[in-house]
Amino acid sequence: MSLVEQLPMNTPALRPSRRILITGGAGFIGSNFVHYWCKHYPGDRIVVLDALTYAGNRDSLADLIGQSNFRFVQGDICDSNCVDLLLAEEAIDTVAHFAAESHVDRSILAPDAFVRTNVVGTFTLLDSFRQHWSNRGKPESDRFLHVSTDEVYGSLGPNDPAFCETTAYTPNSPYSASKAGSDHLARAYFHTYGMPTLITNCSNNYGPYHFPEKLIPLMAINILMGKSLPVYGDGQNIRDWLYVEDHCSALDRVLHRSAVGETYNIGGNNEVKNIDLVTMICDLMDELAPNLPVRPAGELITFVKDRPGHDRRYAIDSTKLQTELGWQPSVTVAEGLRHTIQWYLENPAWWQPLLSAEYQEYYQSVYA
Ligand code: NAD
Ligand code: DAU
């Protein structure tokens, strides 16, 4: 049962079915989007292409594997042969591109994979789809949705207005620089070839199936294990939290209602300082988790050395999406966080296997 019953854009009966390729569909947002799409558009053909890196998890799609309208393909978006074949074989008319290296701390440790997947991989997909779309006679209803981040806009001061679609790109990390490069390619494929691309830039997502390295699951899992809660710097950095299902409903609007070549910012209207968010997580764990090794959980909070180049504040202005496409976020951070914490408490079988030796090695290198 989902937290919010988001209304789909079009009732399936009134809408021609689509054949959608979802890259990165075994990752956090991708798997939530796959579930959203299957639920709202059961007549569509859904094909997931995912390399199953450390961040990809078949278990996030376990309930769908074997369904007749669903296919999972393990493959790399940088492999043009694989992409060409899949687009043609499945007669894909819509691409929702989530596949990426997504974690800022890892991009600081090892940026090369970020350039490869985020820049070269996105280029490979765009170029394969250009050929495929042309072979299909350039149908007007085909779409290529490139899912990107607010981090391309850089960092805000305390009184700066929130990022809007015309804010200049100022990416500060190898991750955000690689995403900025991929955004420019998607934009160029519309302007040069008329390809029906769409770009969305969203703020920090949270919800079920979030890999343990990210702030919210990391804190929840550490509390369950009685480990310290590493807050970077002074904890005053601000993020604008977007519940993942609200993000999916926004992408639905963009795919169904936007003119081609457009960019939309998607945010949750939930600006929160990191230290306040971690305190909220601690309070929820104190309330909802029966046997905590350390209680109150807030005793575990530890300020640690800051992330290099740590952006101070992100905030999204979604006015364009709200006024042009009629979307609104429906979940407050208090509601979404409660649901998310409950999900992690109920699903240790999903996250425990992810705390592998490889993950511990990564953890040591960031938090040593
Ligand atoms: P994630 O790291 O959880 O998942 C990424 C998925 O991509 C994984 O399943 C991984 O196996 C797959 N992948 C990685 N490299 C691949 C390759 N070369 N070929 C095929 N598959 C590959 O990421 P996420 O948090 O779900 O983010 C999804 C997208 O949304 C990304 O493009 C990210 O930049 C963007 N985004 C994320 C957030 C957020 O808060 N999580 C916010 C804004 C934008
Ligand atoms: O803004 C959108 C971006 O949000 C996405 O593009 C990225 O893919 C996604 O990973 C996320 O990036 P962040 O760097 O903001 O997310 P992260 O969960 O890593 O960190 C959130 C904030 O919490 C950030 O200010 C750093 C801080 N933090 C993070 C970790 C992991 C800590 O203080 N301690 C931690 O241990």
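The values are calculated or read from the model by the stated rules, or taken from the named source; none is laboratory data. Not measured: the values here are computed from a predicted model. Note that we place each Cβ from the backbone using ideal geometry, even for glycine, and neighbour counts take in every protein chain shown. We work out accessible area using only protein heavy atoms, side chains counted, and drop any ligands, DNA or RNA first. Shrake-Rupley method; radii C 1.70, N 1.55, O 1.52, S 1.80 Å.
The set of residues in the range 186-205 being more than 27 Å from PRO329 (Cβ to Cβ) and not aromatic (Phe, Trp, Tyr) consists of ALA188, HIS191, THR192, GLY194, MET195.
Output the number of the condition that GLU358 fails; it satisfies all remaining conditions of (1) away from ligand 1 (no atom under 16 Å from the Cβ); (2) of a type in the set (D, E, K, R); (3) not in a loop (DSSP other than H, G, I, E, B). Only one criterion in (1) away from ligand 1 (no atom under 16 Å from the Cβ); (2) of a type in the set (D, E, K, R); (3) not in a loop (DSSP other than H, G, I, E, B) is unmet by GLU358, namely (1). Would a scan of the range 322-343 turn up a residue that is in contact with a Ser or Thr (Cβ under 9 Å, 6 or more places away or on another chain), exposed (fewer than 15 other Cβ atoms within 10 Å of the Cβ) and not hydrophobic (A, V, I, L, M, F, W, C)? Yes; the residues of the range 322-343 include at least one that is in contact with a Ser or Thr (Cβ under 9 Å, 6 or more places away or on another chain), exposed (fewer than 15 other Cβ atoms within 10 Å of the Cβ) and not hydrophobic (A, V, I, L, M, F, W, C). Within the range 294-334, the set of residues being more than 16 Å from ligand 2 (Cβ to nearest atom), assigned to a helix (DSSP H, G or I) and more than 28 Å from ARG257 (Cα to Cα) comprises GLU299, ALA334. Checking THR124, THR117, THR94 one by one, the residue that is under 25 Å from HIS256 (Cβ atoms), at pLDDT 95 or above and buried (at least 17 other Cβ atoms within 10 Å of the Cβ) is THR94 and no other. When the range 186-214 is filtered for residues that are out of contact with any strand residue (DSSP E or B) (no Cβ under 6 Å at 6 or more places or on another chain), surrounded by fewer than 21 Cβ atoms within 10 Å (Cβ to Cβ) and not in a loop (DSSP other than H, G, I, E, B), the ones remaining, listed by number, are ARG187, ALA188, HIS191, THR192, TYR193.
The one condition from (1) more than 23 Å from ARG18 (Cβ to Cβ); (2) within 13 Å of ligand 1 (Cβ to nearest atom); (3) touching a helix residue (DSSP H, G or I) at 6+ places or on another chain (Cβ under 8 Å) that PRO111 does not meet is (2). Scoring ASP240 on the criteria (1) more than 23 Å from PHE114 (Cα to Cα); (2) open to solvent by 10 Å² or more (accessible area, probe 1.4 Å); (3) within 11 Å of ligand 2 (Cβ to nearest atom) leaves a single failure, condition (2). Taken over the range 61-96, residues that are under 21 Å from ARG130 (Cα atoms), touching a residue at least 40 places away in the same chain (Cβ under 8 Å) and touching a strand residue (DSSP E or B) at 6+ places or on another chain (Cβ under 8 Å) amount to 11.
Residues in the range 354-368 that are in contact with a helix residue (DSSP H, G or I) (Cβ under 8 Å, 6 or more places away or on another chain) and either among the aromatic types (Phe, Trp, Tyr) or open to solvent by 70 Å² or more (accessible area, probe 1.4 Å) (or both): 1 in all.
Identify the residue in the range 148-166 that is crowded, with 19+ Cβ neighbours inside 10 Å and not small (Gly, Ala, Ser) and, among all such residues, is farthest from ligand 2 (Cβ to nearest atom). My answer is LEU156. Taking the conditions (1) more than 9 Å from ligand 1 (Cβ to nearest atom); (2) within 16 Å of the chain's Cα centre (by Cα) in turn, THR117 satisfies each one other than (1).
Yes or no: THR166 among the β-branched types (Val, Ile, Thr) and either part of a loop (DSSP other than H, G, I, E, B) or in contact with a Cys (Cβ under 6 Å, 6 or more places away or on another chain) (or both)?
Values: among the β-branched types (Val, Ile, Thr): yes; either part of a loop (DSSP other than H, G, I, E, B) or in contact with a Cys (Cβ under 6 Å, 6 or more places away or on another chain) (or both): yes.
For THR166, the condition - among the β-branched types (Val, Ile, Thr) and either part of a loop (DSSP other than H, G, I, E, B) or in contact with a Cys (Cβ under 6 Å, 6 or more places away or on another chain) (or both) - is met.
Selection of the range 10-45 for residues being among the β-branched types (Val, Ile, Thr), open to solvent by 30 Å² or more (accessible area, probe 1.4 Å) and at pLDDT 95 or above yields only ILE29. Taken together, LEU126, LEU145 contain a single residue that is away from ligand 2 (no atom under 12 Å from the Cβ) and part of a helix (DSSP H, G or I), which is LEU126. Only a single item in (1) assigned to a helix (DSSP H, G or I); (2) within 11 Å of ligand 1 (Cβ to nearest atom); (3) out of contact with any Lys or Arg (no Cβ under 8 Å at 6 or more places or on another chain); (4) touching a residue at least 60 places away in the same chain (Cβ under 8 Å) is not met by ALA99, and it is number (1).
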